[in-house]
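Here is the structure we will look at.
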Amino acid sequence: PTLSMSLLGGIAQDAAATDLKLVVGFGGSHELMRQVQTRQQDLVLDFTPLPPHEGVDTESLLRMSFVVIAGPDSALAKAHPSRRSLDVKDLQGQRFVDWLRDDPYGGANSARFAAHGVSVTEVGRVESFLHLYELLRAYKACTIAPDVRPT
């Protein structure tokens with residue numbers, strides 16, 4: 001599952017019910033904002049809150065919690081095998097897979113670590129959940145990601 005996939009079903013149902021043509025694709029926050037500003041798109045959905053841009057109205061539709069995901073052989077999983085909750089400080093020194101596209105206004109995980117005085121060892125970056133799990137297993141690493149589990 002991906003964050004976009006967890007929301008796409010409802011959006012597609014609403015669009016189909018009103019015969020609204022839906023165009024779905026991938027794009028970075030800067031690219032999506034440029035497309036709206038140049039009127040290439042009427043509406044875009046992004047999963048990174050953006051500050052106001054000239055001529056573009058933004059609205060936060062959803063807030064999601066975040067979870068730590070660790071490969072089964074990672075030091076973090078071995079150190080905390082039965083913990084249901086971790087603090088950012090628990091990631092100190094851990095091998096970490098981050099997201100390829102940083103939030104354009106500062107990487108969310110980087111800012112999170114800096115705020116808590118935590119240092120991790122970045123071993124890779126991915127663009128999608130589709131790539132994430134293999135890297136977590138191979139590098140025996142962890143990550144912080146949106147919680148996309150069904151509620």
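Between residue 78 and residue 7, what FRET efficiency follows from the Cβ-Cβ distance if R0 is 35 Å, with the result rounded to 0.05? Numbers along the way, then the final one.
On the way: r = 34 Å, r/R0 = 0.97.
It comes to 0.55.
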**Asked** Using a Gaussian network model of the chain with C-alpha springs under 10 Å, which one of 126, 67, 36 is most mobile by mean-square fluctuation?
**Response** 36
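How many percent of the alpha carbon pairs in the range 66-146 exceed a separation of 16 Å?
Values: 1514 of 3240 pairs.
Here the long-distance tail beyond 16 Å is 47 percent of all Cα pairs in the range 66-146.
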**Request:** With the Cα gyration tensor of the chain in hand, convert its eigenvalues to equivalent ellipsoid semi-axes via √(5λ) and list them largest first in whole Å.
**Result:** 32, 18, 13
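Under a Cβ-only charge scheme (Lys and Arg +1, Asp and Glu -1), can you give me the dipole magnitude of the chain about the Cα centre, in debye to the nearest 20? Please list the in-between numbers first.
Details: 15 positive and 18 negative charges, 141 e Å.
Around 680 debye, computed over the chain.
When the dipole is taken about the Cα centre of the range 66-146, and only Lys, Arg (+1) and Asp, Glu (-1) are charged at their Cβ, what size is it in debye, to the nearest 20?
Details: 10 positive and 9 negative charges, 59 e Å.
For the range 66-146, the charge dipole is close to 280 debye.
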**Prompt:** Could you give the nm distance between label points at residue 57 and residue 111, where each point is 7 Å from its Cα heading toward the beta carbon?
**Reply:** 2.5
**Fluctuation leader among 68, 56, 23 - the chain, Gaussian network, Cα springs under 10 angstrom** = 23
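Read the figures in this text as sums done on the coordinates, not as results from a lab. If you're wondering where the values come from, they're calculated on a predicted model, not measured in any experiment. In this analysis, Cβ positions are derived from the backbone assuming ideal geometry, glycine residues included, and neighbour counts consider all displayed protein chains.
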